[in-house]
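The next block holds one structure in the form of structure tokens; read it before the comments.
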Amino acid sequence: MRSERAQRPDLGGRSTVFGRRGAVVCEHPDAALAGIRVLDAGGNAADACVAMAAGMAVLAPMATGMGGDAFLLFYEAASGRVAGANGSGRAPRAATIEKLRGRGIQEVPDRGGLPVTVPGAVRLWEDAAATLGRRPLAQLLEPAYELADEGYPVSEVVARYWEINERVLRQNEAATETFLPDGRPPRPGEVFRQPDLARTLAAVAESGADAFYTGETARSFAAAAQEAGGYLSEEDLAAHESSWVEPISTDYRGVRVYEIPPPGQGVAALQMLNILGGFELASLDPRGAERIHLEAEAKKLAFRDLHEKVGDPEFGDVPTREMLSGEYAAGLRREISTSRAAASASPALGDDTTYLCAVDAEGNGCSFINSLFMGFGSGVVAAGTGVCLQNRGRSFRLAEGHPNALAPGKRPLHTIIPGLATSPADGALWAAFGVMGGPMQPQGHAQLLANLLDYGMSPQEAVDHPRHFHHEDTLLLEARLPDTTIKRLRDLGHRVEVGPNYAIPTGGAQLIRLLENGVRACGSDARKDGCALAQ
């Protein structure tokens, strides 16, 4: 037998997972199993995603949780309609630039009570189940409750994240007691229990999201944030609602790509695709410097707009339509030099998120993302709840007049973005996808779609393919790229850093692609602990 015939079809060590009915993809096997069991029991794609998101709140507490935000895109097979939901929370009504300036604060800090905004995820879980799903919320939360109550073996990548963020947990007594019960982070394979979180999940299962946003639990959240120097109040929590939004979209290589509108950074992903659509990427080496250079330069331009023009549209006009026009993309494209890298220094944003997706037997698709923003969010845990509060307010700027300036009741510029694509020819679902990881997410969306559409990669190959991450003034490359590519990018003027073969900052991708024959083809990132499962 010739050696090349014995080689695996995908070099990352995993195969594309195929199914004819339902499919789920998630970054932890236990959560993926919860999702596929929901489909087996008659639930739909939205139900499966809620169950997986709740499970991940237990399984990866540094990345996501009940104290974070969530967004979703949902494709309804019967109508071909794509719906979007913004499940992000707002700044406390008592938080103002003037107050922070009066305390000598020049920018919102990473940790503590000040960056805490209202956690929106739990309300979106309930709304998604009630509006889009078929199963009661209590049933969808049952797997997460069991994981929290009975415990689970900590996975390898999660254990690494836990260890990296140990210092954050030691700044808050309740966080230390909750997440370092033996005085240290749990090691891979050790069983970890969260009895306080189990009780919070049980309360929501019994009484709905109101049990989270009002009453004793809400009082604990507000007290914890205020004791840590923040402004979150019970009134802020009680007033929270999810927002159903009209997704924004663009065409790329024959598919229609959907994102959540501002204040999310999905507009940057679509801008990148619009810019790249004017280049013949398919003629370039998929691992070559010319491809990577164009994608990095498109990112710089899209992120320039993101940080100069995007904020909460309820507080000021965001020129989304103009930013996504073909004429505007052409103007940006003309700024790109094929022979020299442009300068860039975009502000840093958070990096801890969980993304998951599902497609059911009827062809409904759900793309779902949930996050605490940075590792363990604010680092503030509300005593007795097991809930770590997010630090999403870190995104706000303390600059009057800026689109993303802090204001009472305002939503900050948001990193987490679910992705979804349809076929313009017949409106059929083409893919549900996402790439978790702060400012890597728009870059990851563009790279993943280019892998699929420009280079014809299979779903798992597209997920495994070496990715690059442009951040501030550095271009991070995975070591699997050829030395000639690395050298050429440096010659073009990029400040290159070479990471490991599978570099965590390049994000974690999950993907379900619907093939022309109806088969669900799934890819799950080797950079994470998860898997794809299909019926």
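Kindly list, by first and then second residue, each pair from a residue in segment 372-398 that is assigned by TED's automatic domain parsing to the domain that holds Gly55 to a residue that is in a loop (DSSP other than H, G, I, E, B) and basic (Lys, Arg), limited to pairs with Cβ atoms under 7 Å and residues at least 6 apart or on different chains.
The qualifying pairs are Ser378/Arg111; Gly379/Arg111; Asn391/Arg111.
Residues Ala462, Ala421, Ala446: which one is in a strand (DSSP E or B) and surrounded by 24 or more Cβ atoms within 10 Å (Cβ to Cβ)? Can you show your working first?
Numbers: Ala462 fails: in a strand (DSSP E or B); Ala446 fails: in a strand (DSSP E or B).
Selected residue: Ala421, the only one of Ala462, Ala421, Ala446 that is in a strand (DSSP E or B) and surrounded by 24 or more Cβ atoms within 10 Å (Cβ to Cβ).
Give Val267, Val310, Val359, Val318 a once-over and let me know the one that is assigned by TED's automatic domain parsing to the domain that holds Ala432 and either farther than 19 Å from Pro439 by Cα or surrounded by fewer than 19 Cβ atoms within 10 Å (Cβ to Cβ) (or both). Outline the logic, then answer.
On the way: Val267 fails: either farther than 19 Å from Pro439 by Cα or surrounded by fewer than 19 Cβ atoms within 10 Å (Cβ to Cβ) (or both); Val310 fails: either farther than 19 Å from Pro439 by Cα or surrounded by fewer than 19 Cβ atoms within 10 Å (Cβ to Cβ) (or both); Val359 fails: assigned by TED's automatic domain parsing to the domain that holds Ala432.
So the residue among Val267, Val310, Val359, Val318 that is assigned by TED's automatic domain parsing to the domain that holds Ala432 and either farther than 19 Å from Pro439 by Cα or surrounded by fewer than 19 Cβ atoms within 10 Å (Cβ to Cβ) (or both) is Val318.
Would you mind stating whether Val435 is in contact with a strand residue (DSSP E or B) (Cβ under 6 Å, 6 or more places away or on another chain) and either of a type in the set (Ser, Thr, Tyr) or within 16 Å of Arg287 (Cα to Cα) (or both)?
Numbers: in contact with a strand residue (DSSP E or B) (Cβ under 6 Å, 6 or more places away or on another chain): yes; either of a type in the set (Ser, Thr, Tyr) or within 16 Å of Arg287 (Cα to Cα) (or both): no.
No.
Any idea which residue in segment 233-258 is surrounded by the fewest Cβ atoms within 10 Å (Cβ to Cβ), counting only those that are within 22 Å of the chain's Cα centre (by Cα) and among the polar types (S, T, N, Q)?
Ser243
Looking at (1) part of a loop (DSSP other than H, G, I, E, B); (2) closer than 23 Å to Val204 by Cα; (3) under 18 Å from the mean Cα position of the chain (by Cα), which is the only condition Ile369 fails?
Ile369 satisfies every listed condition except (1).
Condition first: β-branched (Val, Ile, Thr), in the same structural domain as Cys522 (by TED's automatic domain parsing) and within 23 Å of Leu533 (Cα to Cα). Can you find one or more residues in segment 477-484 that meet it? Steps first, please.
Filtering segment 477-484 for residues β-branched (Val, Ile, Thr) gives 484.
Restricting the remaining residues to those that are in the same structural domain as Cys522 (by TED's automatic domain parsing) gives 484.
Imposing the further condition that a residue be within 23 Å of Leu533 (Cα to Cα) reduces the set to none.
Checking segment 477-484: not a single residue is β-branched (Val, Ile, Thr), in the same structural domain as Cys522 (by TED's automatic domain parsing) and within 23 Å of Leu533 (Cα to Cα).
Residues Leu140, Leu114: which one is crowded, with 17+ Cβ neighbours inside 10 Å and assigned to a helix (DSSP H, G or I)? Spell out how you get there, then give the answer.
Details: Leu114 fails: assigned to a helix (DSSP H, G or I).
Matching residue, one of Leu140, Leu114: Leu140.
Only residues in segment 52-63 that are farther than 14 Å from Ile36 by Cα and surrounded by fewer than 24 Cβ atoms within 10 Å (Cβ to Cβ) count as the first member; pair them with residues that are among the acidic types (Asp, Glu) and at pLDDT 95 or above, Cβ under 7 angstrom, at least 6 apart or cross-chain, and list the lot.
Sorted first by the residue in segment 52-63, then by its partner, the list stays empty.
Could you tell me whether Gly151 is modelled with pLDDT of 95 or more and at positive phi? Explain how you work it out, then say what you get.
Numbers: modelled with pLDDT of 95 or more: yes; at positive phi: yes.
The answer is yes for Gly151.
Which count do you get for residues in segment 494-525 that are polar (S, T, N, Q) and more than 29 Å from Asp426 (Cβ to Cβ)?
If we filter segment 494-525 for residues that are polar (S, T, N, Q), which is where we start, we get 501, 506, 510, 517, 524.
With the extra rule that they be more than 29 Å from Asp426 (Cβ to Cβ), the set shrinks to 501, 506.
Here the count works out to 2.
Residues of segment 324-348 being crowded, with 17+ Cβ neighbours inside 10 Å and either at pLDDT below 95 or more than 22 Å from the chain's Cα centre (by Cα) (or both), which ones? Talk me through it step by step, then tell me what you get.
Narrowing segment 324-348 to residues crowded, with 17+ Cβ neighbours inside 10 Å: 324, 328-329, 332-333, 336, 341, 344, 346.
Scanning segment 324-348 gives Tyr328, Ala329, Leu332, Arg333, Ile336, Ala341, Ser344, Ser346.
For segment 117-137, what are the residues that are part of a loop (DSSP other than H, G, I, E, B) and either closer than 20 Å to Asp69 by Cα or touching a residue at least 12 places away in the same chain (Cβ under 8 Å) (or both)?
If we filter segment 117-137 for residues that are part of a loop (DSSP other than H, G, I, E, B), which is where we start, we get 117-120, 132-136.
Once the filter is applied, which keeps residues that are part of a loop (DSSP other than H, G, I, E, B) and either closer than 20 Å to Asp69 by Cα or touching a residue at least 12 places away in the same chain (Cβ under 8 Å) (or both), segment 117-137 yields Thr117, Val118, Pro119, Gly120, Leu132, Gly133, Arg134, Arg135.
The values are calculated or read from the model by the stated rules, or taken from the named source; none is laboratory data. Because the structure is a prediction, the values reported are computed rather than measured. No Cβ is skipped: glycine too gets one built from the backbone with ideal geometry, and neighbour counts run over all protein chains shown.
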